Amino acid sequence: MMSDSFRALRLNKNDDGQSHEFVELTENDLMEGDVTIAVSHSTLNYKDGLALTGASPVVRVWPMIPGIDFAGTVEKSEHPDFKEGDDVILNGWGVGETHFGGYAGKARVKGDWLLKRPAAISAAQSMAIGTAGYTAMLCIMALADTPTDAGEILVTGAAGGVGSVALALLSKLGYQAVASTGRLEEEAYLTGLGASRVIDRNTLSEKGRPLDNEQWAGVVDAVGSHTLANAIAQTKYGGTVAACGLAQGPDLPASVMPFILRGVTLAGIDSVMAPREKREAAWAQLAEHLDLAKLDAMSSQAILDDLPDLGGKILAGQSRGRLIVTL
Ligand code: NDP
């Protein structure tokens, strides 16, 4: 093994389909970029599960090192904002999809994609947050005009990554957060994160009425499909629904009635191409408001070798909270 080599999980595709392998690479194998990072941690998001299993065409360049997030330390930089030794994080920008990602000991990317890691958050904690947690923050930023006394905020996919971080943040910010889950056995976990009560996701997952009883002052939805349609139909006058996910499905079988009769706002949330200022604002708010004891309570640990199996589990809804991958 060469001394500057590092281990990576690589996805390949041929006529027989998709496969993975663990490989030793050197910096010469990395893609173009002006900053090289020694990656210390990555994570597993729903999208990483799609990439690892090939369930959806997330990967568009082959072979690919997946991993849409990473944290690490700058080794070399030709970018004016970064120098050797800087602690950085990366979320999205097509990394793990079209550019080699975080499931490797090193990464080389455009410095424009990197953020300095907030001092209050360790590298491991930044990946416990990851894209899922940063997206939860973006959703809550979209609810900024909702006063904390306006009523309950519904969080769907509550035991998943986005949902778990959203619950912790909402409760810290003073909201009454209601957790919708298919895993009612996780009630203690969800109330521990800050849910004021827990509901069965089956109450939202079937086709419902175009306009339903007003229940939610706001919504953080990671699920899409009928769940999102029902959440919109149950949102109170003037409320905002932040839609970020599709764990139930990408369809939206909804009516315009909640929009035109109740002035409900549907806010689309994208983390991948979100501009730098918005990312910096989200991470600053995460550093300020996320209870790190709750983050630890929702996080489990894994290594590179575990990821192929765990990719299938997250898609099957069997992953609770967040996963930290140590490189
Ligand atoms: P997780 O798998 O961790 O969480 C998803 C949760 O959704 C599950 O834990 C489960 O929660 C619930 N769920 C799963 N299947 C169904 C179903 N058939 N019907 C209803 N609920 C279901 O994923 P993440 O939290 O990482 O991501 C959540 C979603 O957000 C994904 O669709 C992902 O692609 C999207 N996303 C989008 C981003 C963006 O930029 N817009 C960024 C990050 C994520 P429970 O067991 O509690 O019911």
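The values are calculated or read from the model by the stated rules, or taken from the named source; none is laboratory data. Not measured: the values here are computed from a predicted model. Note that we place each Cβ from the backbone using ideal geometry, even for glycine, and neighbour counts take in every protein chain shown. To get the accessible areas, we keep the full protein, side chains included, count just its heavy atoms, and leave off ligands, DNA and RNA. Shrake-Rupley method; radii C 1.70, N 1.55, O 1.52, S 1.80 Å.
Values computed for the structure shown
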item: Cα extents of the stretch 176-291 along the three principal axes, largest first (Å); result: 40, 35, 25
item: FRET efficiency, 1/(1 + (r/R0)^6) with R0 41 Å, evaluated for D4 and D296 via beta carbons; result: 0.75
item: Where a label projected 7 Å from the Cα of D305 along Cα→Cβ would reach, residues of the stretch 1-31 with amide N under 16 Å; result: 7-10, 21-24
item: Debye log10 I(q)/I(0) at q = 0.16 Å⁻¹ for the chain, Cα point scatterers; result: -1.28
item: Cα-derived Rg to Rh of the stretch 199-256, Kirkwood definition; result: 0.91
item: Selected from Q285, P250, I89, residue furthest toward positive end of dipole (the chain; charges at beta carbon); result: P250
item: Among N213, A188, Y103 - extreme Cα towards positive end, dipole of the stretch 92-213, charges at beta-carbon; result: Y103
item: Two-site label geometry, A119 and V23: point separation in nm, points 7 Å out along Cα→Cβ; result: 4.0
item: Accessible surface of the chain, 1.4 Å probe, proportion on carbon and sulfur as whole %; result: 49
item: Too-long pairs where the Cα-Cα distance tops 31 Å, listed order kept, from K83/K278; K116/K172; K83/K313; K106/K172; K207/K294; result: K83/K313; K106/K172; K207/K294
item: Share of pairwise Cα separations in the stretch 227-327, more than 24 Å, in percent; result: 48
item: By average C-beta atoms within 10 angstrom, highest first, the peptides 270-282, 162-174, 210-222, 125-137; result: 125-137, 162-174, 210-222, 270-282
item: Protection proxy ranking of 9-18, 61-70 - average other beta-carbon atoms within 10 Å, highest first; result: 61-70, 9-18
item: Computed label-point distance, nm, for sites E78 and M273 using a 7 Å Cα→Cβ extension; result: 2.6
